[in-house]
Structures are given as C-alpha cells and as structure tokens.
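Notes follow the structure.
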Amino acid sequence: MAFDGILLSALKDNLQAKIIGARIEKVYQIEQKQLIVRLRQQNKNLQLLISTDAEGARINLTNLDYEFPAYPPDFCMLLRKYLKNSYITKIIQPEFERIIEINIEKRGKEYKLIAELMGKYSNVILLDDKEIVLDAMKRITNKQSSERELYPGVNYHYPPGQQKINPLVPQNKFDFLTAIPADFNQASFRAVMFNFRGIGPYSAREIVHRAGIESGLNYQDLSRADKESLAKSFLNLTTLIKQQEYQAIIGLTDHKLDYISAFPLNYRKVTESKRFTDFDEMMDYYYKNFLKNKKLNHSIREVNKVVNNYLQKTIKKQEKLKQQLADSKNAEKYKKYGELITANIYQIKKGSNEVEVTDYYSSDQSKLKIKLRPDLTASENAQKYFKKYNKLKKSVKHLKREIAKLRHEEKYLNQVSLNIEQAETLNDLDEIKDELKDEGYIKKQQKKNRKKQTARLKPRKFISSDGYQILVGRNNRQNDQLTKKIANQGDLWLHTKTIAGSHVIIKRDTAKDVPEQTINEAAVLAAYYSKARQSKNVPIDYTQVENVNKPKGAKPGLVYYDNYQTIYIDPDLEVIKKMTAD
C-alpha cells in the first residue's frame, strides 16, 4: 500500500534522530529498484534502505539481510564514486511531499540524495551543490515526459504537484476552514485529502472519524459546529506530527494487513493492532511478513503459469501420440491383408471393390472380406497394404520414442513446478527462471550491457541431531550440482520414490555408518521438500551417491539409481526446525 506524507514524516524524523552525522561507507543496488546504503555511526554499522518498488516504496534503517549482485549497476557505481566516505548533514521532507532529501557533505562539496517515494513514479536522484542532476535511478527524457526531465546535466525540479496546502501551515480553525473552498461539494474526508498535501485517504478518513463525522457525509451538508470539530481534529493530528508524537502501528484483520500508519486508525475495525517501539522495526516487519510474501507469491504465480502452460501442452501431445500408437497396433492386420491378396492373386479381377478370401491365419479358417481399390491390380492392392503396414511399423518406434521424450519432459516440468511452489525467496525464483531460460521455456532477453551476475545460491543446509551435515537442493540445476559435484563418494543420497522432490545429501566425514536417526531426519527433509509435503507415510529411497547416475541428454535434476533401500516417513516441520537450518 502507498504511504502518505504523514507516515513519511514519521520515517524522516526517525532517520534524523539516528543518522545525522553518519559516514556513508558503501552503496549497493538490488534488483534495480532498491538501494542499501552502508553507514557508520557512533561505532555502529547501519543499513539505510531506499526502495522505489511500486508496491513498497519506502525509506528506513533495516536489519534484514539482502543478496547483493556481483556486478553493481551503473547508477550504483556513480553513487559509490560521489558518496563514499561522505557524511549525512541534514534530512528534510520538502513541503510535506512524499519526498525525502538527504543532504550530504564530502571534503567541502555538497550533494543531495533525493528519494521520491510516489508509488510507480518513485525514483532516486543524486544532485550536485547547484542542484544539477548527476544521475537518476530511472532516467526520464522529453520523449517520456513533456513536463519533467531527469538525466545527467539537467536542473532538478520537484515533480509536478497539485495546488494543495502544507498541512503543517494552518495554525488555527480559521486557517483550516479558509483553506477549503466554500463551494467544495464532495465527501468530508475528500475535503481534507484534496486540499492538504500528503494526507492519504486512510489518514483523511481518520481525521473525520475523530471529529465524530461520517466520512462519506458531504462537506456542504456539515453544520458550522461539524466543520469546527473537523478543524479541531485536523489540528490535533498536525500538532502530534510537529511534536513527533507518533505511534508505529500495523492494523491486522484475520492476520492480514489492513493498514500501516504513524497513528492508530480507529475507524478501521481491525481484529489486532500490532504496535512497535521503533519505525524501522515496523518497516522490516511490514516487508518481511506482507510485502515480501506478496511479491514472492505474485512472481510464483507468474512463473508457474508459464510452466503449467508447457506442462498441459506436453500432456495433450502425449494423449494424441498415444492414440496414434493405439491405431498403429493395427499394422499386423494390413500385413495379413497383403499376404491374403497375394495368395489369391489369380482369383481377383481388376475393377473389383472387394474380395472374399479364406483367412488362413484364423483358427477356424473363416471367410474374410478385404476392400480393394478398383483402379488397381491385385498385386498393386497387395503392395498398398504392405506399404501401409511398413509405414505403421516405423511409426510405432517413432511414437514410442516421442512419448518417452514427452514423459521425460512432463517429469521435469512437474519437478520445476514443485521448485517454484516451494521457493522461499525471490532469489530462489530467479535461479529457477534462469534454468527455464537455458532450457528454452522462457525467452532470453538480449541485453547490450554486460550480464549482471549474482552469486549462486547455496543448497539448504541442516545439521542432524548426530551432527551430520545434510544438504537439500533448491532447484533442478542445484540438484545436479549437489549430487554430481558437491557430494563425495560414500555420501548418502535420498529422494522421494516416484514423486517430484529435491535431492538430499548426507555428508559423511568418516567411514562410520550413518546413524539411523540421521537417515530418518534426512528422509523427513526429502519428504518435506517434495510434492508429498502434505502427505503421510511418504516412501523415501536412499543409496550411496555413486549409485546415482544421470542419463545422457537428460534435463536438469533427472537421474536414475540402483542398490537402494526404502523407508517410510512423515514430513514434520517441527523436526526440521530442530535441525538448525543454515
């Protein structure tokens, strides 16, 4: 949900109290939309997050861990060039807009890092001391906008704004009431939202609610007393903002996000209000529990849609080829027709539509009628049936080969679908997308710039109760890597029997047999990270890794194995939690 100027004011005041005077040590850019600015303040390391993501534009100090790309984008490199070893001197929110200006000083030179946090129009811009744009995260040329340009060398101007009043300016009821046109003829909450800058619909409704007025009631229909109550409610809230008396709070309804605010929204009838002592803590909680999952789930749906489309096509092709294979099983019939025509060749006259012959191949030597083409001789009709027989015989081999390929592809796509559903982070999903691009399921984009590589994710790591390291693959390519390169001779390999799932490896550092308890715990992991996560009594095969082989030309993650044993186990998340995941 988009933040309004009130919440941004609280975040600004929070940052002012914590990072004024901090030294900027390094800048990272993640997924083109987020910056992490590493700070040093009073012998402490801090991370300032600035996100321009359309669904979660925000700015706060974060304690969350982020994966940084191996090659920083150009904008990130420019920020490092100008801002490394600089100091933050001031943070302002100009005219209560959804903009944060961070003033920075480096060796006598001044810079401004501007964070425009406006939903899909969010951006980050670096200015010099003359307010010339050094660069922007999202450049805007005159072809993209006739109102405002943002690229190196142009003068910086604020985004085009509406003619609204800074809500911190009115000092009394008269100032508030005269700011709203006398002929304003819309709902009361809109009178607040449309005439004062930085107040979103949720905050505007709360101001009206605290005044004891129905938010949908037309402003024109309010009595003088109602309007004065509205003014009083408005001024009470702006006084709290000026005095920085905020309350970091998230409203939940049935464990789902209802609102995030710098004040309780009493008009929202939530089932739970989660309060925080710190705005940074609230923002991390918001991202981790709602925004991150929302983005991840959206991405999972999008990628799964592609895979399921190919999966359905593969299944339909198989059904079609299986029907052709069933038809091809009639090949022997046509061979028999040719041989019976040849045996009776001198009895068949040209121009006949059919011939009745004795079926020497049947046990009762019954009569059989065979259709003929009247324009062909008996010999030519026989050859026609032999030709059809040979064609069908050849097609049987071809069809069986194609059906086997499609089954192989179906098995692979089912495994990919499972990996997508069980992806825990966007980085997990990115690796799966890379795999699908390499396999030709997603079209690769041609990029002029060098490929920006990120460090490959490592397998999931667990420690058994006996102290053995257990590794679990996150995707098909990692399954191959885990089984064929990371695992050593003697390590144990586990996998669900005939069910899509991750490869699991028990690392053996000694020649001792792996304890039964560790095998059972690894089997729990194999069952949990499989299509059978919600099942009971899941069959798990295990064998030494040298008994696992990959067919030549097989798709990622697909293997065959022998000399294995099978155990039956229930997926148990509580057991997994005790194995101290890495």
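The values are calculated or read from the model by the stated rules, or taken from the named source; none is laboratory data. Since we're looking at a predicted model, the values are computed, not measured. Because the Cβ atoms are built from the backbone with ideal geometry, glycine has one as well, and the counts that use them run over all protein chains shown. Quick note on the areas: whole protein, heavy atoms, side chains included, nothing else; ligands and nucleic acids left out. Shrake-Rupley method; radii C 1.70, N 1.55, O 1.52, S 1.80 Å.
Taken residue by residue, region 435-453 has at least one member that is open to solvent by 50 Å² or more (accessible area, probe 1.4 Å), at pLDDT below 90 and either assigned by the TED database to the domain that holds Lys336 or in contact with a strand residue (DSSP E or B) (Cβ under 6 Å, 6 or more places away or on another chain) (or both).
Okay, residues lined up against (1) surrounded by 13 or more Cβ atoms within 10 Å (Cβ to Cβ); (2) within 23 Å of Gly467 (Cβ to Cβ):
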residue: Gln534; (1), (2): no, no
residue: Tyr542; (1), (2): yes, yes
residue: Val559; (1), (2): yes, no
residue: Asp562; (1), (2): no, no
residue: Leu573; (1), (2): no, yes
residue: Ile576; (1), (2): yes, yes
residue: Met579; (1), (2): yes, yes
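One residue stands out in region 1-24 among those that are of a type outside the set (S, T, N, Q) and open to solvent by 60 Å² or more (accessible area, probe 1.4 Å): the one that is nearest to the chain's Cα centre (by Cα), namely Met1. Considering Lys109, Lys120, Lys143, the condition of being farther than 30 Å from Lys242 by Cα, exposed (fewer than 13 other Cβ atoms within 10 Å of the Cβ) and under 32 Å from the mean Cα position of the chain (by Cα) is satisfied by Lys143 alone.
Restricted to region 206-228, and to residues that are of a type in the set (D, E, K, R) and either assigned to a loop (DSSP other than H, G, I, E, B) or within 43 Å of the chain's Cα centre (by Cα) (or both), which residue is nearest to Pro264 (Cα to Cα)? Here the residue is Glu206.
Of all residue pairs spaced 6 or more apart or on separate chains, those with beta-carbon atoms under 8 Å, a first member in region 152-178 that is under 30 Å from Asn236 (Cβ atoms) and free of Cβ contacts under 8 Å to residues at least 24 places away in the same chain and a second member that is in a helix (DSSP H, G or I) and not hydrophobic (A, V, I, L, M, F, W, C) are Val169/Asp175. For Asn14, the conditions (1) under 30 Å from Leu168 (Cα atoms); (2) free of Cβ contacts under 8 Å to residues at least 24 places away in the same chain; (3) polar (S, T, N, Q) all hold with the exception of (2).
Answer yes if at least one residue in region 315-324 is among the basic types (Lys, Arg), under 30 Å from Ile50 (Cβ atoms) and exposed (fewer than 13 other Cβ atoms within 10 Å of the Cβ), and no otherwise. Taking every residue of region 315-324 in turn, none turns out to be among the basic types (Lys, Arg), under 30 Å from Ile50 (Cβ atoms) and exposed (fewer than 13 other Cβ atoms within 10 Å of the Cβ).
Among the residues making up region 480-492, a single one is part of a helix (DSSP H, G or I) and either in contact with a helix residue (DSSP H, G or I) (Cβ under 8 Å, 6 or more places away or on another chain) or not assigned by the TED database to the domain that holds Tyr564 (or both): Thr483.
Checked against the criteria, Tyr287 does not count as touching a residue at least 12 places away in the same chain (Cβ under 8 Å) and more than 20 Å from Asn63 (Cβ to Cβ). Applying the criterion of being crowded, with 20+ Cβ neighbours inside 10 Å and assigned to a helix (DSSP H, G or I) to the residues of region 410-427, the residue that is farthest from the chain's Cα centre (by Cα) is Tyr412.
When residues in region 146-170 are screened for being surrounded by fewer than 14 Cβ atoms within 10 Å (Cβ to Cβ), at pLDDT below 95 and not hydroxyl-bearing (Ser, Thr, Tyr), 6 of them pass.
Condition (residue is out of contact with any Leu (no Cβ under 6 Å at 6 or more places or on another chain), assigned to a loop (DSSP other than H, G, I, E, B) and more than 25 Å from Glu424 (Cβ to Cβ)) applied to region 537-546: is it met by at least one residue? Yes: one or more hits.
Check region 377-386 and report whether any residue there is touching a strand residue (DSSP E or B) at 6+ places or on another chain (Cβ under 6 Å) and more than 30 Å from Thr314 (Cβ to Cβ). No: region 377-386 contains no residue that is touching a strand residue (DSSP E or B) at 6+ places or on another chain (Cβ under 6 Å) and more than 30 Å from Thr314 (Cβ to Cβ). I'm checking my understanding of the structure. Among residues of region 206-239 that are without any contact (Cβ under 8 Å) to a residue 24 or more places away in the chain and surrounded by fewer than 16 Cβ atoms within 10 Å (Cβ to Cβ), which one is nearest to Pro167 (Cα to Cα)? Among residues in region 206-239 that are without any contact (Cβ under 8 Å) to a residue 24 or more places away in the chain and surrounded by fewer than 16 Cβ atoms within 10 Å (Cβ to Cβ), the one nearest to Pro167 (Cα to Cα) is Thr239. Applying the condition of being aliphatic (A, V, I, L, M) and within 22 Å of Leu457 (Cα to Cα) to region 28-70 and asking which residue is surrounded by the fewest Cβ atoms within 10 Å (Cβ to Cβ) yields Ala70. Scanning region 171-205 for residues that are assigned to a helix (DSSP H, G or I) and open to solvent by less than 70 Å² (accessible area, probe 1.4 Å) yields a count of 12. The test for being open to solvent by 70 Å² or more (accessible area, probe 1.4 Å), outside the structural domain of Lys369 (by the TED database) and more than 30 Å from Leu418 (Cβ to Cβ) holds for Glu272. Please state which of the following conditions Thr238 fails to meet, knowing it meets all the rest: (1) at pLDDT below 95; (2) among the β-branched types (Val, Ile, Thr); (3) more than 30 Å from Asp430 (Cα to Cα). Failed condition: (1).
The set of residues from region 496-514 being of a type outside the set (A, V, I, L, M), under 18 Å from Lys461 (Cα atoms) and surrounded by fewer than 24 Cβ atoms within 10 Å (Cβ to Cβ) comprises Lys507, Arg508, Asp509. Each residue in region 78-102 was checked for being in contact with a Lys or Arg (Cβ under 9 Å, 6 or more places away or on another chain) and open to solvent by less than 30 Å² (accessible area, probe 1.4 Å), and 9 of them qualify.
Rundown of residues vs (1) in contact (Cβ under 8 Å) with a residue 12 or more places away in the chain; (2) touching a Leu at 6+ places or on another chain (Cβ under 7 Å); (3) surrounded by 15 or more Cβ atoms within 10 Å (Cβ to Cβ); (4) among the charged types (D, E, K, R), yes/no style:
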| residue | (1), (2), (3), (4) |
| --- | --- |
| Glu354 | yes, yes, no, yes |
| Val357 | yes, yes, yes, no |
| Tyr361 | yes, no, no, no |
| Ser366 | no, no, no, no |
| Pro374 | yes, no, no, no |
| Lys388 | yes, no, yes, yes |
| Lys391 | no, no, no, yes |
| Lys394 | no, no, no, yes |
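Tell me, yes or no, whether region 128-138 has at least one residue that is under 12 Å from Leu35 (Cβ atoms), of a type outside the set (Ser, Thr, Tyr) and surrounded by fewer than 21 Cβ atoms within 10 Å (Cβ to Cβ). Looking through region 128-138, none of the residues is under 12 Å from Leu35 (Cβ atoms), of a type outside the set (Ser, Thr, Tyr) and surrounded by fewer than 21 Cβ atoms within 10 Å (Cβ to Cβ).
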